[in-house]
Every structure is written in structure tokens, then in C-alpha cells.
Amino acid sequence: MRILVCVKQVPDTESVIEIDAAGLWIQETEKIVYRMNRFDEYALEEAVRIRESASGVTIDALSVGPERVRATVTKALEKGADNGIHIACDGNGYQSPVRIAAAIATYARPLAYDLIFTGIMAEDDMQCQVGPMLAELLGLPSAPSVISETLEPTRDIIHVECEMEGGIREQLSLSLPCLLSIQSGINRPRYPALSNVLRAKKQELITVDAKTLALPEGREVMRGVFYPEKPSRGIILEGTSEEKAEKLLRILYEKSFL
Amino acid sequence: MNILLIAEVVDNMLEPASNELIAFARRLREDPTTEIAMLVPGQDVRDIGEAIARQGIDVLLIENEHLRYFNPEILLQEIAGAVDRIKPQFVCFLHSTRGCHLAPAVAVLTGSSCITAVEAIREGEALAFRRSLFSGKLLMEVSPQAPRSVVTILPGAFPAADEADSLPVEPGAVSVRQIDVQEKRVFAHGLRRDDSDNGKLDEADIIISAGRGIGSAENLSLIRDVSEILPRSAIGASRPVCDLGWLPYAHQVGTTGKTVSPRLYIACGISGTSQHIAGMRNSRWIVAINRDPQAAIFSIADYGVVEDVTTFLPLLTSTYDKLFGK
């Protein structure tokens with residue numbers, strides 16, 4: 001049984017984010033810390049848990065992006081993936097989801113994975129598109145926001161609960177092969193084991209040049225990125241930390257919250 | 001040009017935000033003669049359809065026993081079929097878990113552009129949609145290129161017209177399609193409602209919420225200390241804090257947690273993703289404390305404090321003791 005986990009490298013959300021000169025994406029600077037998308041960590045951990053509870057399961061972790069994303073693929077090996085795949089494409093700018101999904105689909109199609117896991121969304125562009133597009137390109141059934149899963153021992157059906165808005169969980173069963181987008185909180189991702197860290201250090205990644213994949217053009221055009229307008233109603237408290245604390249308490253007192 | 005809206009129906013109940021799709025479509029069309037139709041899939045949705053039609057748009061009901069619960073396989077097939085027949089220029093879903101799972105797949109099936117989590121329409125020579133990036137630290141504008149676009153609309157961004165304020169209109173036509181379809185690869189069994197204790201968020205006058213910036217489960221004591229000085233207050237949390245197991249999900253504020261509107265909401269170390277903001281934006285007063293001056297939470301705060309919560313909250317408690325005594 002083979003599981004593919006799609007992982008994305010994203011800038012840490014606490015990094016200082018600046019817009020590039022062209023105004024079309026963020027500036028690559030040494031101030032930006034890149035790491036694995038947190039939602040994908042849950043997807044990877046869920047695959048590792050399936051492998052631990054069943055025999056003969058292989059996990060491939062795949063990422064599409066420039067050279068720097070290899071670090072995230074290696075991190076996936078450290079966290080327990082068996083094989084790491086880097087689909088290399090140029091550029092740090094905005095990538096159309098349909099191209100990323102097509103790149104993964106082209107790679108994955110001949111390998112006939114039994115399960116494909118993605119995180120529910122990427123923390124950087126927050127589009128929630130690649131997973132459902134990938135499922136459709138491969139003709140697979142899929143389910144969103146999976147918060148628990150149970151694989152039948154026969155391995156032809158997986159039962160899932162999907163977390164919806166308003167405290168509702170939809171209960172579905174899907175025949176394999178299928179794609180699940182994994183919700184955060186389904187598990188607690190583990191820290192890498194030392195043995196996996198040592199293995200990952202030596203292990204070669206499978207590298208595919210995206211130029212060889214005949215990808216479709218994106219169907220949308222990026223007009224630009226902007227900083228949000230400053231809040232019109234809000235006041236940012238100024239002064240030393242002590243002064244800010246005092247100002248805030250006086251405001252709360254005046255509004256009779258204390 | 002015409003616009004096809006996809007209503008979200010859960011267990012034969014209309015998700016009220018579906019009405020925001022109508023508000024969005026009326027903003028989107030340049031020409032008032034542009035037809036707007038809403039597709040309503042479900043098991044028994046005639047009453048829902050008639051209520052929607054009274055707002056002056058045509059309604060296409062798709063009924064099947066397997067559409068009572070969320071079956072993405074059947075929904076996709078039926079929505080793509082409707083797109084083929086109606087040939088709309090825009091297909092619009094809510095940016096909900098269901099909607100943003102179906103929309104990209106419909107875009108692939110119908111060769112359309114796909115733009116998700118739309119917050120605003122850019123007026124100007126070229127149509128563009130505005131959406132957030134990086135937890136709201138940045139915005140992007142993106143234009144569709146294909147002749148047809150599938151978009152998802154961020155709930156709350158296009159408020160529905162108040163029914164009482166709108167003029168009476170000629171009701172739209174309601175057509176019903178009873179489909180004969182079997183579940184093949186996806187089987188929808190039903191749903192479970194999580195009605196666990198909500199950490200008293202509903203009754204609270206004041207909610208003080210912890211985000212990832214609190215740093216550790218131990219540091220939640222800092223939140224509790226501040227909560228002590230605020231009468232009728234309860235403790236909330238952003239989703240990551242619950243995912244990390246620092247607080248139970250009963251405390252979670254946001255689209256997959258509780259929607260709250262206390263008199264005062266204090267966001268501590270919360271970045272302010274649209275999912276969190278959707279759950280607390282109607283609070284009367286909002287205070288945000290975050291060390292990251294770019295954090296999106298400041299954009300909706302009445303009072304912002306750019307400080308690390310792990311050092312500022314103890315300072316707040318000790319200053320309170322100094323100013324107001326124990």
C-alpha cells in the first residue's frame with residue numbers, strides 16, 4: 001500500500017513579510033524563515049500512524065517548488081516519510097494552483113497511490129485549491145477537513161469524519177484509492193526520531209524537473225499584492241510597556257470593564 | 001453573461017450565509033439584466049427554494065436522497081452538469097469547508113478559472129478579486145483569465161440584504177430536478193453535532209483569548225490571571241492553541257469553533273486569520289495584543305498593543321494591582 005503526502009514549504013507566519021519590487025509577491029530575504037506548512041505536518045503524521053498500524057505501507061512525501069523546498073522534503077523524511085520527491089520549478093513568486101496540481105498529478109498518476117493526503121490549506125496563499133484539483137485530475141473521490149479516519153482491514157474502504165463549520169461533523173466512507181485533505185488537530189505531530197534524522201541526512205531525494213511535465217498555463221493572472229489599509233477606527237497604544245499597560249487599564253476602567 | 005450560485009444545504013437546512021451569494025452576485029453583475037440563478041441541492045428542499053425565489057432569482061432544485069448529507073462525488077457530478085447546461089460566466093460557492101472543497105474540482109471539470117476566499121471585487125477596467133494572504137498580513141488582487149470562473153466568497157464579506165428593507169420583487173421561477181443517482185465511491189452516512197460544553201463563551205461579557213503567541217500551555221496561567229481581574233469573563237482560544245492541546249476545543253473561537261459577540265474581546269497573541277476574525281468580529285470592543293505589528297488582528301482592533309503577550313500580560317496584572325489595589 002502506498003501513501004502520497006503533499007507537503008508545501010511556507011514562510012513562517014511570524015516572519016517579517018515585505019512585498020517585492022514588482023509588487024507581485026513577497027521579497028525573498030534572509031529574514032524569512034521557511035518551514036513545512038503546519039496543516040501538512042498533520043497529514044504526514046496521519047500517514048505515519050497508518051503505517052504503524054498496518055504492514056507493508058510506504059509513504060512518499062512530495063513538494064513542488066524552487067531549490068529551497070528540498071529542506072522541507074528532507075524534514076518530511078525526518079518525520080517518517082520513506083521517500084522524498086522534489087518537483088523542481090523556478091521562481092519564488094505566485095504559483096497557479098492548477099499548475100501545481102497538474103505537476104503532482106502527472107508524477108502520481110503512473111504510481112497509482114492508494115491514498116493521497118494533503119493539508120486542508122497552505123498557510124501562505126490560503127487558497128485551499130491544490131488538494132481538490134489533484135483529486136479531480138486523477139479522477140479520485142475525496143473528502144475535506146478530515147478530523148478522524150479508520151482504514152478497513154481489507155484496505156478498500158476508509159471511514160472518515162469531516163469537520164464542518166458550526167460544530168458539525170459529516171461522516172463519510174470512501175473507496176480507495178482516494179484523496180483526503182487533513183484538518184489540523186487530527187493528531188499531534190511528533191518530533192523526528194534521531195534514527196530518521198540520520199537517515200534523512202544521507203537519503204537522496206527523487207528530483208523531477210517541472211519543465212519535463214508539460215503543465216497547463218494558469219487560468220488567473222496576479223495583479224499585485226498589497227498591505228492592508230491601516231485600521232481607521234483603531235488606536236495603537238504608544239509608550240513604554242508600562243505606559244501601555246496603564247493606558248489599556250485606564251481605557252478598560254473608563255468603559256467599566258474592570 | 002449569467003451567474004450560477006451554489007447554495008449550501010446541511011441536512012435539509014439552508015446555511016444562512018448562502019444569501020450572501022446573492023448579494024455578491026448583485027455586486028458582480030454590471031448589467032441588471034444579467035440572470036442570477038441559485039442551485040439548491042438536497043433531499044427535500046422545496047421550501048428553501050421558494051424562499052430563495054422570493055428574493056427575485058431563479059432557483060434550480062436538485063433532489064435526491066443521497067444529497068441529504070455531504071456527498072462530494074454526487075454534488076460534483078450534479079454541479080458540473082448544471083454548469084454545462086446553464087453555461088454561466090461565474091459559478092459561486094461559499095468559502096466554507098464544503099464550498100472550498102467543491103469549487104476547485106468544478107473548475108477542473110469545467111476548465112474554469114478558480115479564485116477562492118474572495119473578500120472584495122475591484123472596480124476598474126479589468127475585473128479583479130481581492131483576497132487575503134499570509135493570515136491577512138497581505139492582500140492580493142487576481143483576475144480570472146478563462147471565459148468561466150469558479151469563485152468562493154468569504155462569509156461576512158458581502159452582507160445579505162435585509163429582507164425587511166428590500167422592495168417587493170417578482171419571485172423567480174423554481175424548477176425541480178429529481179435525479180436518479182447511486183452512491184458509488186463516496187458514501188455519506190450522516191452527521192454528528194458537537195454540542196459539548198463551550199467553556200461558557202456564550203454567557204461571557206468579556207472574552208480573553210489565547211493564540212499561539214502565548215507560547216506554551218503553562219503560559220495560559222497569564223491569561224487566567226488577567227481573566228481574574230475582569231468580571232464575567234471567559235477564556236477563548238484560536239484554533240492552533242486547541243490543536244496543540246493547550247485548551248479543549250470547547251474554547252475555540254472561529255468558523256470551526258464558536259461565533260461570539262461579547263462586549264469586550266481581548267485577543268492575546270492571535271494573528272487574526274479570517275477564520276478567527278469571522279468568529280469574533282461582532283464583539284463590541286476589540287483589544288489586540290501581539291508582538292507582530294503586521295498581525296492582521298490589528299486591522300479590526302479598537303485598541304492595539306504591540307508587545308509580547310508573555311511579558312505584557314504579567315505587566316498588566318501587576319499594574320492593575322498597583323493602580324486599583326488588590
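When B:GLY49, B:GLY56 are screened for being away from every other protein chain (no Cβ under 14 Å), modelled with pLDDT under 95 and not in a strand (DSSP E or B), only B:GLY56 passes. Is it the case, given these coordinates, that A:ILE32 is β-branched (Val, Ile, Thr) and either exposed (fewer than 15 other Cβ atoms within 10 Å of the Cβ) or touching a Pro at 6+ places or on another chain (Cβ under 6 Å) (or both)? When the stated conditions are applied, A:ILE32 passes them. Being in contact with a Phe, Trp or Tyr (Cβ under 6 Å, 6 or more places away or on another chain) and within 12 Å of chain A (Cβ to nearest Cβ) is true of B:ILE115.
Counting only residues that are over 24 Å from A:ALA103 (Cα atoms) and of a type in the set (D, E, K, R), the stretch A:18-70 holds 7 of them.
For the structure I just gave you, tell me whether B:ALA157 is without any contact (Cβ under 8 Å) to a residue 24 or more places away in the chain and of a type in the set (Gly, Ala, Ser). For B:ALA157, the condition - without any contact (Cβ under 8 Å) to a residue 24 or more places away in the chain and of a type in the set (Gly, Ala, Ser) - is not met.
Residues to consider are B:VAL309, B:VAL305; find the one that is facing chain A (nearest Cβ under 7 Å) and in contact with a helix residue (DSSP H, G or I) (Cβ under 6 Å, 6 or more places away or on another chain). Every option except B:VAL305 fails the conditions. Among the criteria (1) out of contact with any Leu (no Cβ under 8 Å at 6 or more places or on another chain); (2) among the acidic types (Asp, Glu); (3) crowded, with 19+ Cβ neighbours inside 10 Å, the one A:GLU170 does not fulfil is (1).
Consider the stretch A:14-30 and keep the residues that are within 12 Å of another protein chain (Cβ to nearest Cβ) and over 24 Å from A:GLU220 (Cβ atoms). The one that is modelled with the lowest pLDDT is A:GLU14. Restricting attention to the stretch B:98-117, the residues that are free of Cβ contacts under 8 Å to residues at least 40 places away in the same chain and not in a helix (DSSP H, G or I) add up to 6.
Taking the conditions exactly as written (in contact with a strand residue (DSSP E or B) (Cβ under 6 Å, 6 or more places away or on another chain), buried (at least 16 other Cβ atoms within 10 Å of the Cβ) and either aliphatic (A, V, I, L, M) or assigned by TED's automatic domain parsing to the domain that holds B:PRO16 (or both)), does B:SER113 satisfy them or not? Taking the combined requirement at face value, the residue satisfies it. Scanning the stretch A:178-195 for residues that are crowded, with 19+ Cβ neighbours inside 10 Å, farther than 21 Å from B:THR255 by Cα and not hydrophobic (A, V, I, L, M, F, W, C) yields a count of 1. Taken over the stretch A:203-239, the criterion of being within 16 Å of B:MET140 (Cα to Cα) and of a type in the set (Asp, Glu) is satisfied by A:GLU220, A:GLU229. Would you confirm whether or not the stretch B:200-214 contains a residue that is of a type in the set (D, E, K, R), surrounded by fewer than 24 Cβ atoms within 10 Å (Cβ to Cβ) and in contact with a Lys or Arg (Cβ under 7 Å, 6 or more places away or on another chain)? Scanning the stretch B:200-214 turns up at least one residue that is of a type in the set (D, E, K, R), surrounded by fewer than 24 Cβ atoms within 10 Å (Cβ to Cβ) and in contact with a Lys or Arg (Cβ under 7 Å, 6 or more places away or on another chain).
Exactly one residue among B:ALA237, B:ALA188 is farther than 14 Å from B:GLY269 by Cα, outside the structural domain of B:ASP44 (by TED's automatic domain parsing) and crowded, with 18+ Cβ neighbours inside 10 Å, and that residue is B:ALA188.
Residue check: is A:ARG223 assigned to a loop (DSSP other than H, G, I, E, B) and either on the phi > 0 side of the Ramachandran plot or at the interface with another protein chain (Cβ under 10 Å from one of its Cβ atoms) (or both)?
Working: assigned to a loop (DSSP other than H, G, I, E, B): no; either on the phi > 0 side of the Ramachandran plot or at the interface with another protein chain (Cβ under 10 Å from one of its Cβ atoms) (or both): yes.
So A:ARG223 does not fit the description; no.
Within the stretch B:70-97, take every residue that is part of a loop (DSSP other than H, G, I, E, B) and not hydroxyl-bearing (Ser, Thr, Tyr) and give me the one that is nearest to the other protein chains (Cβ to nearest Cβ). Filtering first and then ranking leaves B:PHE70.
Would you tally the residues in the stretch B:59-69 being away from chain A (no Cβ under 13 Å) and either among the β-branched types (Val, Ile, Thr) or assigned to a loop (DSSP other than H, G, I, E, B) (or both)?
Residues in the stretch B:59-69 being away from chain A (no Cβ under 13 Å) and either among the β-branched types (Val, Ile, Thr) or assigned to a loop (DSSP other than H, G, I, E, B) (or both): 3 in total.
A count restricted to the stretch A:44-68 and to residues that are under 15 Å from the mean Cα position of the chain (by Cα), among the aliphatic types (A, V, I, L, M) and surrounded by fewer than 23 Cβ atoms within 10 Å (Cβ to Cβ) stands at 0. Among residues belonging to the stretch B:274-302 that are within 7 Å of chain A (Cβ to nearest Cβ) and charged (D, E, K, R), point out the one that is farthest from B:LEU139 (Cα to Cα). Filtering the stretch B:274-302 for residues that are within 7 Å of chain A (Cβ to nearest Cβ) and charged (D, E, K, R), the one farthest from B:LEU139 (Cα to Cα) comes out as B:ASP302.
Screening the stretch A:108-207 for strands (runs of 3 or more DSSP E) wholly inside it with 3 or more residues that are within 11 Å of chain B (Cβ to nearest Cβ) returns the ranges A:142-151, A:157-163, A:168-175, A:178-182. Restricted to the stretch B:36-63, and to residues there that are of a type outside the set (Val, Ile, Thr) and touching a Lys or Arg at 6+ places or on another chain (Cβ under 9 Å), the residue that is nearest to B:ALA128 (Cα to Cα) is B:LEU60. Condition first: within 14 Å of chain A (Cβ to nearest Cβ), of a type in the set (S, T, N, Q) and not in a loop (DSSP other than H, G, I, E, B). Now tell me which residues in the stretch B:175-231 satisfy that. Hit for the stretch B:175-231 is B:SER227, nothing else.
Taken over the stretch A:226-247, the criterion of being at the interface with chain B (Cβ under 7 Å from one of its Cβ atoms), assigned to a loop (DSSP other than H, G, I, E, B) and either out of contact with any Asp or Glu (no Cβ under 7 Å at 6 or more places or on another chain) or touching a residue at least 60 places away in the same chain (Cβ under 8 Å) (or both) is satisfied by A:TYR227, A:PRO228, A:PRO231, A:LEU237.
The values are calculated or read from the model by the stated rules, or taken from the named source; none is laboratory data. Owing to the predicted nature of the structure, the values given are computational and were not obtained by experimental measurement. Neighbour counts run over all protein chains shown; Cβ positions are idealised from the backbone, glycine included.
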